[in-house]
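The values are calculated or read from the model by the stated rules, or taken from the named source; none is laboratory data. Computed from a predicted structure; not experimentally measured. Positions of Cβ are generated from backbone atoms using ideal geometry, with glycine treated the same way; all protein chains shown enter the neighbour counts. With ligands, DNA and RNA removed, areas are computed over all heavy atoms of the protein, side chains included. Shrake-Rupley method; radii C 1.70, N 1.55, O 1.52, S 1.80 Å.
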Amino acid sequence: MDIIQSFYDNMAAQYDKLFFDWQATTQEQAEILEKLFADNGFDKTAAVLDCACGIGTQAIGLAARGYCVTASDISREELAEAEKRAEENRVKIRFEHADFRVLSESFPEQFDLVICMDNALPHMLTGEDLKAAVRSIADRVAADGMFVASIRDYDALLLDKPPYSPPYIHETEKGRRVSFQIWNWEGEHYQLTQYIIDDQETLQVSKFDCAYRTVRREELTELLYASGCKEVLWKFPEETGFYQPIVLAKK
């Protein structure tokens with residue numbers, strides 16, 4: 001996990017540049033998640049764990065809507081950034097440093113809702129690591145609770161194995177920000193290089209390297225059932241408004 005931790009530690013101070021308006025995104029994504037929660041019988045009394053919180057994009061949005069949120073991540077730098085942003089947004093969130101492959105070491109309690117968004121699970125570079133992560137996360141979901149995760153649509157991407165992602169070009173009052181990714185495919189894995197070009201006041205070019213394993217929906221579905229989930233549903237961007245497919249796994 002060293003490459004994963006380094007990627008997010010190094011990127012923590014610039015992660016918000018991937019969004020046109022990070023603050024607005026926290027609200028938009030929280031609204032999407034709240035609808036998914038409500039459609040499946042959960043309200044704001046549900047205890048939520050965001051087990052891959054990053055800089056707090058989902059956790060802060062949900063806390064602002066009145067949820068009791070606990071958040072964890074493997075990157076200490078991103079946790080520090082999330083804590084700062086939670087304070088700026090005047091929301092109360094319990095933050096813990098944790099590896100989601102061994103969540104019980106940090107959280108003896110269970111949660112009504114556990115979320116793991118933004119393609120975090122495919123950072124597990126072996127099938128065994130993914131199995132450990134899914135078991136660990138499902139184990140922290142309370143009886144009748146639900147796990148919610150998003151991953152890239154690898155079922156579609158593996159058909160063509162594109163060498164890059166389309167660039168995001170954000171025009172701001174001060175200039176322009178451009179972000180894009182280069183993907184170097186190696187079997188079921190790919191090396192990702194994230195570029196962020198900030199040309200708002202002075203030109204700044206940043207480069208961050210990471211690795212992923214392609215996780216098909218069938219593999220993740222089977223692991224969720226094997227980890228004690230009774231129902232597994234997939235929702236797609238045209239249904240939810242979220243930019244990646246979302247899996248809902250109910251205990």
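Quick check on my filter: what residues within the stretch 157-180 are under 21 Å from Ile4 (Cα atoms) and open to solvent by less than 30 Å² (accessible area, probe 1.4 Å)? Ser165, Ser179, listed by residue number.
Residues in the stretch 219-240 that are open to solvent by less than 60 Å² (accessible area, probe 1.4 Å), outside any strand (DSSP E or B) and either under 16 Å from Met117 (Cα atoms) or not acidic (Asp, Glu) (or both): Leu220, Thr221, Leu223, Leu224, Ser227, Gly228, Cys229, Phe236, Pro237, Thr240.
The residue list Arg135, Arg152 contains one member that is within 19 Å of Glu231 (Cα to Cα), of a type outside the set (A, V, I, L, M) and surrounded by fewer than 20 Cβ atoms within 10 Å (Cβ to Cβ), which is Arg135.
Search the stretch 184-218 for residues being among the hydroxyl-bearing types (Ser, Thr, Tyr) and surrounded by fewer than 15 Cβ atoms within 10 Å (Cβ to Cβ), and hand back the single one that is farthest from Phe236 (Cα to Cα).
Residues of the stretch 184-218 among the hydroxyl-bearing types (Ser, Thr, Tyr): 190, 193, 195, 202, 206, 212, 214.
From what is left, the residues that are surrounded by fewer than 15 Cβ atoms within 10 Å (Cβ to Cβ) are 193, 202.
Details: Thr193: 26, Thr202: 39 Å.
My answer is Thr202.
The set of residues in the stretch 20-44 that are surrounded by fewer than 18 Cβ atoms within 10 Å (Cβ to Cβ), in contact with a strand residue (DSSP E or B) (Cβ under 8 Å, 6 or more places away or on another chain) and either at pLDDT below 95 or in a helix (DSSP H, G or I) (or both) contains only Phe20. For the stretch 74-128, a residue qualifies if it is part of a helix (DSSP H, G or I) and among the aliphatic types (A, V, I, L, M), and the qualifying residues are Leu79, Ala80, Ala82, Ala86, Val102, Leu103, Leu121. The residue pairs whose first member lies in the stretch 88-102 and is among the basic types (Lys, Arg), whose second member is buried (at least 18 other Cβ atoms within 10 Å of the Cβ), and whose beta carbons are closer than 7 Å, counting only pairs six or more residues apart or on different chains, are Lys92/Ala63; Arg94/Thr70; Arg101/Ala133; Arg101/Ser136.
Specify the residue that is farthest from Cys53 (Cα to Cα); the eligible residues are those in the stretch 1-13 that are out of contact with any strand residue (DSSP E or B) (no Cβ under 6 Å at 6 or more places or on another chain) and polar (S, T, N, Q). Step through it out loud before you land on a result.
Restricting attention to the stretch 1-13, the residues satisfying the condition of being out of contact with any strand residue (DSSP E or B) (no Cβ under 6 Å at 6 or more places or on another chain) are 1-2, 4-6, 8-9, 12-13.
Imposing the further condition that a residue be polar (S, T, N, Q) reduces the set to 5-6.
Numbers: Gln5: 13, Ser6: 16 Å.
So, considering only residues that are out of contact with any strand residue (DSSP E or B) (no Cβ under 6 Å at 6 or more places or on another chain) and polar (S, T, N, Q), the one farthest from Cys53 (Cα to Cα) is Ser6.
Look at (1) surrounded by fewer than 15 Cβ atoms within 10 Å (Cβ to Cβ); (2) more than 22 Å from Ala249 (Cα to Cα); (3) modelled with pLDDT of 95 or more and you find that Gln14 fails only one, number (1).
When the criteria are applied in full, Val178 fails the requirement of being modelled with pLDDT of 95 or more and either part of a helix (DSSP H, G or I) or under 18 Å from the mean Cα position of the chain (by Cα) (or both). Residues in the stretch 241-251 that are over 18 Å from the mean Cα position of the chain (by Cα) and either on the phi > 0 side of the Ramachandran plot or assigned to a loop (DSSP other than H, G, I, E, B) (or both): 1 in all. Does the stretch 121-133 include one or more residues that are touching a strand residue (DSSP E or B) at 6+ places or on another chain (Cβ under 8 Å) and under 20 Å from Gln14 (Cβ atoms)? Yes, the stretch 121-133 has at least one match. Looking across the stretch 181-201, the residues that are closer than 20 Å to Asn10 by Cβ and more than 21 Å from the chain's Cα centre (by Cα) come down to Asn184, Ile197, Asp198. Output yes when any residue across the stretch 117-127 is touching a residue at least 12 places away in the same chain (Cβ under 8 Å), more than 28 Å from Asp16 (Cα to Cα), open to solvent by 70 Å² or more (accessible area, probe 1.4 Å) and within 19 Å of the chain's Cα centre (by Cα), and no when none is. Scanning the stretch 117-127, I find no residue that is touching a residue at least 12 places away in the same chain (Cβ under 8 Å), more than 28 Å from Asp16 (Cα to Cα), open to solvent by 70 Å² or more (accessible area, probe 1.4 Å) and within 19 Å of the chain's Cα centre (by Cα), so the answer is no.
If a residue has to be open to solvent by 40 Å² or more (accessible area, probe 1.4 Å) and either in contact with a helix residue (DSSP H, G or I) (Cβ under 6 Å, 6 or more places away or on another chain) or under 22 Å from Glu88 (Cβ atoms) (or both) to count, how many in the stretch 45-57 make the cut? Write out each step before concluding.
So in the stretch 45-57, the residues open to solvent by 40 Å² or more (accessible area, probe 1.4 Å) come out as 45.
With the extra rule that they be either in contact with a helix residue (DSSP H, G or I) (Cβ under 6 Å, 6 or more places away or on another chain) or under 22 Å from Glu88 (Cβ atoms) (or both), the set shrinks to none.
Total satisfying the criteria: 0.
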